[in-house]
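The values are calculated or read from the model by the stated rules, or taken from the named source; none is laboratory data. None of the values given here were measured: they were computed from a predicted structure. No Cβ is skipped: glycine too gets one built from the backbone with ideal geometry, and neighbour counts run over all protein chains shown.
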Ligand code: HEC
């Protein structure tokens, strides 16, 4: 969990206007009954807010008793009325998610009536007990906790920093990973951390070559093969469903690949991660489908300054019956809307994810309550919309600047990722193959469609012509395209 700069303040609608419209009694209560903290408010706050708003968690102040809640009563009404809190960016309308953090209209009404009527405490005897929160990690006691061996100094200012830190695990035997949770020690400067499993020893070597903790460039072998997950602002770690796990080989090192965004104040980062293991090897493989692939790296994102709705789409046809079980989206400050829709073979459409007002500070991952069946032949469509106008309060540039795909927070990315598992175990390989082919085809399509439009693209295109246009006719014929595909495959796409 992470304290994020709250750019959302400007976005709030006036909650007073909303309050003026609400009725004056709590549904289910007789008109004269007073709304009290003990009986009506505490159950809502303890269940929906205190998980994060308690000591040791990421939220900026506790909400665990009458005094703490009373002190911020008005503010609580404001942030709940415009649904800024609890943080939850997935729209309703699709299959339900697990642990949905969403207040009902009635609950919001109760909170505002309590504040309007003077915030009575009521009978302190009637306050429910706080839920039994897991100490420390939200997923409970980890099987193993790992920590960066040395702290890394993040300067007060300067450009964003990408740095990799290796931790040797020294596992006595292979393990099966169910979940990884992460805590930065300096949350104000850690934008995200990606996790890699290194069996090659390359990461250790690189680490030994540099004096300051960690190393700068991720070895390519590792970048292509070892990615196992990650953490970003506002992410919540998810446990893989029963029967699923990722292999953690006994000789492996763990690598944090961390993106720092200096905050104006020097900080020291010493990240900690919690690992959760399964007792038994997995019985169900799974794959991740990302549309557009590689966080949009091959989607030729190039957003003109001032453009209010710039969008990219991509789609994938499901080759075998699959279950979708988790989903998440990623973009930077200009990201606005992300949608993933499934069109089932019969024509029925199903909203897998819709985010209407993307907030860079909250990169939630959503797990479906039940597996969502997507039969063979289902078409999955994704659309990402960016707002690069001056009206976007999260736009880091005023006046807006032309923005392309890139690693810095002020560059853009954009994609939706859904986790899929073949219904028949025997189909898992076909699913994985189709996903990697889709990735390669997207890269090829974009490459051919856009390469000579941009300046660096023209450079690429010249190199590509020199490499692949064997007959020098200025076009890529099927044989030459095949060679490009092979080349992209070799590049890890
Ligand atoms: C998943 C964790 C989480 C939950 C659940 C949560 N909060 Fe928060 N809350 C945060 C974090 C982190 C911040 C600070 C970042 C921010 O302001 O965006 C915050 C900020 C706030 C703020 C200050 C907002 C501002 O603009 O400074 C208020 C008020 C608040 N929360 C109230 C609530 C209430 C009321 C609930 C329950 C209905 C709730 N929160 C549920 C994590 C959470």
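Which of the residues that make up the stretch 302-330 are outside any strand (DSSP E or B) and under 19 Å from residue 390 (Cα atoms)? First the steps, then the outcome.
Of the residues in the stretch 302-330, the ones outside any strand (DSSP E or B) are 304-309, 318-321.
Once the filter is applied, which keeps residues that are outside any strand (DSSP E or B) and under 19 Å from residue 390 (Cα atoms), the stretch 302-330 yields 304, 305, 306, 307, 308, 309.
Only one residue in 132, 160, 153 is modelled with pLDDT of 90 or more and not assigned by TED's automatic domain parsing to the domain that holds residue 362, so which one is that?
Just a single option satisfies the conditions, and that option is 153.
Answer yes or no as to whether residue 104 is within 12 Å of the ligand (Cβ to nearest atom), touching a residue at least 60 places away in the same chain (Cβ under 8 Å) and either surrounded by fewer than 15 Cβ atoms within 10 Å (Cβ to Cβ) or farther than 21 Å from residue 355 by Cβ (or both).
No: the conditions fail for residue 104.
Tell me which residues, restricted to the stretch 42-61, are at pLDDT 95 or above, out of contact with any strand residue (DSSP E or B) (no Cβ under 9 Å at 6 or more places or on another chain) and more than 10 Å from the ligand (Cβ to nearest atom).
43
For residue 236, state whether it is outside any strand (DSSP E or B) and crowded, with 18+ Cβ neighbours inside 10 Å. It would help to see each step written out before you state the result.
Values: outside any strand (DSSP E or B): yes; crowded, with 18+ Cβ neighbours inside 10 Å: yes.
In short, yes.
With the condition kept exactly as written, say whether any residue in the stretch 307-320 is modelled with pLDDT of 95 or more, crowded, with 20+ Cβ neighbours inside 10 Å and farther than 16 Å from residue 418 by Cβ.
yes
One residue is enough: does the stretch 349-370 have a residue meeting the conditions away from the ligand (no atom under 16 Å from the Cβ), within 17 Å of residue 287 (Cα to Cα) and either surrounded by 19 or more Cβ atoms within 10 Å (Cβ to Cβ) or not assigned by TED's automatic domain parsing to the domain that holds residue 302 (or both)?
Within the stretch 349-370, one or more residues are away from the ligand (no atom under 16 Å from the Cβ), within 17 Å of residue 287 (Cα to Cα) and either surrounded by 19 or more Cβ atoms within 10 Å (Cβ to Cβ) or not assigned by TED's automatic domain parsing to the domain that holds residue 302 (or both).
Give 185, 193 a once-over and let me know the one that is assigned to a loop (DSSP other than H, G, I, E, B) and surrounded by 14 or more Cβ atoms within 10 Å (Cβ to Cβ).
Result: 185 is the single residue among 185, 193 that is assigned to a loop (DSSP other than H, G, I, E, B) and surrounded by 14 or more Cβ atoms within 10 Å (Cβ to Cβ).
For the stretch 67-98, what are the residues that are part of a loop (DSSP other than H, G, I, E, B) and near the ligand (Cβ under 10 Å from one of its atoms)?
Keep residues of the stretch 67-98 that are part of a loop (DSSP other than H, G, I, E, B), which gives 72, 82-89, 91-96, 98.
Of everything in the stretch 67-98, those that are part of a loop (DSSP other than H, G, I, E, B) and near the ligand (Cβ under 10 Å from one of its atoms) turn out to be 72, 83, 84, 85, 86, 87, 88.
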